[in-house]
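The values are calculated or read from the model by the stated rules, or taken from the named source; none is laboratory data. Quick caveat: nothing in here was measured; it's all calculated off a predicted structure. FYI the Cβ positions are ideal-geometry reconstructions off the backbone, even for glycines, and counts take in every protein chain you see.
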Amino acid sequence: MQRATLEKLLVARREGRALVRAVNLKSGEEKLLDPASDISVLGQAAAIAAREDASRRVTVDGQDWFVSVYNTPWEIVIVGAVHIAQALAALAIPAGYRVRVIDPRTPYATQERFPGVTLEQLWPDEALARRPLTARSALVALAHDPKLDDMALAAALRSDAFYVGALGSVRTHARRLTRLSATGLSKDQLAKIHGPVGLGIGARAPAEIAIAVLAELVQLRRKRAARRIAGIVLAAGTSSRMGRNKLVEMVRGKPLVRHAVDAALEGGLDPVLVVSGHEAERIDKAVGGASVTILHNRDFGHGLSSSLRTGLAAVPPDCDGAMILLGDMPGISGALVDRLKQAFDPSAGRAICVAAAHGHQGHPVLWGRSFFSEIASLKGDKGARVLLDTHAAMVAQVETGDDAPLTDIDTLEALAAYQS
């Protein structure tokens, strides 16, 4: 490892930032990648490895690289040096967590009771100001004393902590929420508290509660490690060939556009963004009640590219890619959406996944984040499909066994044929 690389890694660790070192297995070329900002294909592979805390070998543009992840340690910050805290600390250390216990009550916070654990005999607000929580921190309030727990929870909810939990019954937690609400915390912030703390396994003894807490942390971390793919349903067109807005026509019991929306939701896309334009109010009504975000493209008259830009601009930064679905394709299923997600793996050269029927590429298409800028630069009525040939080496076709990826409803005759 080059000295300059080592120094940068040490600085990043002190600052609580992740970096990924990539080494070309043939040439020995070394790159240091920031997984939070590098949108190249190699950077995207690095971001996935960093999120999964897993160094690995990847292939990008025919070149083999080994990406080594340098993440800051996960930590559990326990407030309250009680019996449950002793059990939780003992379990968390071998599970790979750095543990610190905060409690100003010096008779409880002792090395005899917490061997090998960092003890901070301070009030929680002071301790957390000195060493703030990060996105790799979990705070667990166990003191069962509002003077300590509330102070810690308020600080944690205003931080990037990935987990905030508090001991107590349902009734105790309700009273806690009332107190914290009075401090100015919003309902969305308060909803982040896991209370009562831990998985609901019927735990009672201190060791059992500690197991429940650690299990909930494992469950949450593994869910966070999964790739997040957004869905963009294009529903802004004027339906010129149909002569009226086809997307609100009833097809097998629901509006045409609702089929694509439901497939996106059932396939686990998150979030699902519906781009409307022409007769936006009718589109809003057609997808009403679905857990989607509706984006109105005021420039829809400038062509399909404007809707793509509208959708991509709203994709959250922690999404690894986005699947483009057309609102006039009722045969697309949630199962197909899920298959495309499962096929997506930029590190294996599958950075674009396209549904295909009998060897012919159709829709939907899943695009890795590294292609967003190219798609956003398209003009007029060009869709992103024009880029498939440009990046053919990164395209994976997912065969469906039916004609759904090629079947869109453009005319009254096509609508009648599909309904028959």
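Just one of (1) without any contact (Cβ under 8 Å) to a residue 60 or more places away in the chain; (2) assigned to a helix (DSSP H, G or I); (3) crowded, with 18+ Cβ neighbours inside 10 Å fails for Arg282. It is (3).
Kindly provide the set of residues from the stretch 311-329 that are over 20 Å from the mean Cα position of the chain (by Cα) and under 27 Å from Arg227 (Cβ atoms), ordered by number.
Going residue by residue through the stretch 311-329, those that are over 20 Å from the mean Cα position of the chain (by Cα) are 326-329.
Leu326, Gly327, Met329 - these are the residues of the stretch 311-329 that are over 20 Å from the mean Cα position of the chain (by Cα) and under 27 Å from Arg227 (Cβ atoms).
Condition test on Arg158, is it touching a Lys or Arg at 6+ places or on another chain (Cβ under 9 Å), basic (Lys, Arg) and free of Cβ contacts under 8 Å to residues at least 60 places away in the same chain?
Details: touching a Lys or Arg at 6+ places or on another chain (Cβ under 9 Å): no; basic (Lys, Arg): yes; free of Cβ contacts under 8 Å to residues at least 60 places away in the same chain: yes.
For Arg158, the condition - touching a Lys or Arg at 6+ places or on another chain (Cβ under 9 Å), basic (Lys, Arg) and free of Cβ contacts under 8 Å to residues at least 60 places away in the same chain - is not met.
When the stretch 225-262 is limited to residues that are in a helix (DSSP H, G or I) and in contact with a strand residue (DSSP E or B) (Cβ under 7 Å, 6 or more places away or on another chain), the one that is farthest from Ile48 (Cα to Cα) turns out to be Val248.
Looking only at the stretch 374-420, count how many residues are more than 20 Å from Ala355 (Cβ to Cβ) and crowded, with 18+ Cβ neighbours inside 10 Å. Walk me through how you get there before you give the answer.
Pass one, the stretch 374-420, residues more than 20 Å from Ala355 (Cβ to Cβ): 374, 376-381, 411-413, 415-417, 419-420.
Remaining after also requiring crowded, with 18+ Cβ neighbours inside 10 Å: 378, 415.
Selection size over the stretch 374-420: 2.
Scanning the stretch 3-35 for residues that are outside any helix (DSSP H, G or I) and free of Cβ contacts under 8 Å to residues at least 60 places away in the same chain yields a total of 19.
Which ones in the stretch 298-308 are modelled with pLDDT of 95 or more and part of a loop (DSSP other than H, G, I, E, B)? Within the stretch 298-308, none qualify.
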